[in-house]
1. Among (1) at pLDDT 95 or above; (2) open to solvent by 80 Å² or more (accessible area, probe 1.4 Å), which single condition is P176 missing?
2. Give me the residue from the range 123-140 that is part of a loop (DSSP other than H, G, I, E, B) and not small (G, A, S) and, out of that set, modelled with the lowest pLDDT.
3. List the residue pairs whose Cβ atoms are under 9 Å apart, where the first residue sits in the range 77-102 and is assigned to a loop (DSSP other than H, G, I, E, B) and modelled with pLDDT of 95 or more, the second is among the basic types (K, R) and open to solvent by less than 20 Å² (accessible area, probe 1.4 Å), and the two are 6 or more positions apart or on different chains.
4. Which condition does V111 not pass, out of (1) touching a residue at least 12 places away in the same chain (Cβ under 8 Å); (2) part of a helix (DSSP H, G or I), if it passes all the others?
5. Determine which member of the set T99, T92 is under 16 Å from the mean Cα position of the chain (by Cα), farther than 15 Å from V32 by Cβ and among the β-branched types (V, I, T).
6. Of all residues in the range 17-58 being open to solvent by 20 Å² or more (accessible area, probe 1.4 Å) and in contact with a helix residue (DSSP H, G or I) (Cβ under 6 Å, 6 or more places away or on another chain), which is modelled with the lowest pLDDT?
Amino acid sequence: MKTFFFLSASVVLLLAVAAGAAERDPANYVGVKTCGICHKKEESGNQFAKWQASPHAKTFEVLGTQAAKETAKKLGIDDPQTSGKCLKCHSTAYNFTETVATEKIKPEDGVVCESCHGPGKKFMLKSVMEDRDKAVAAGLIYPASQSCTLCHNEQSPNFKGFDEKTYFEKIAHPDPKVKK
């Protein structure tokens, strides 16, 4: 019975991950520089600077570390910075797949805004972003924490559990003018 439950839970997780990635049309990515146009103003919370200082902005660099290379070697991967098995989560350019899915984002950009919030093309206009309901209807993933487990899960070779609330607080970047 335990085996059946484990297998069932694994299938559900895999389907959820696949569904989350499927909703993210790579043709609708705009790239981190476009997000930064509006999201680097201090009066609105400077989300761009908070992202730059976060581990998500450095995920590609992490793949170049000795520790990442050792983990990759155990998995039969020569270079984690060129392997789709690693880049599917360490670079938004891969859109949760093992191949580059968009040219709008470079692998070196790491995990950018659109990994969590969804491709921005349809919700990036100020007139849409000023109304959360409109933005969500246009594709904004809110709350963005829905995206965390696309990568923070048992498929990651270094996964040690994931407490969504704790980790979400570490990367929070609210707009002080927007009420929760």
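The values are calculated or read from the model by the stated rules, or taken from the named source; none is laboratory data. Note that the structure is predicted; figures quoted are calculated from it, not measured. Virtual Cβ from ideal backbone geometry, glycine too; neighbours counted across all protein chains shown. Accessible surface areas use protein heavy atoms only, side chains included; no ligands, DNA or RNA. Shrake-Rupley method; radii C 1.70, N 1.55, O 1.52, S 1.80 Å.
1. (1)
2. Out of the qualifying residues, it is E130.
3. Close Cβ pairs satisfying both conditions: N95/R24; F96/R24; A101/R24.
4. (2)
5. Every option except T99 fails the conditions.
6. V17
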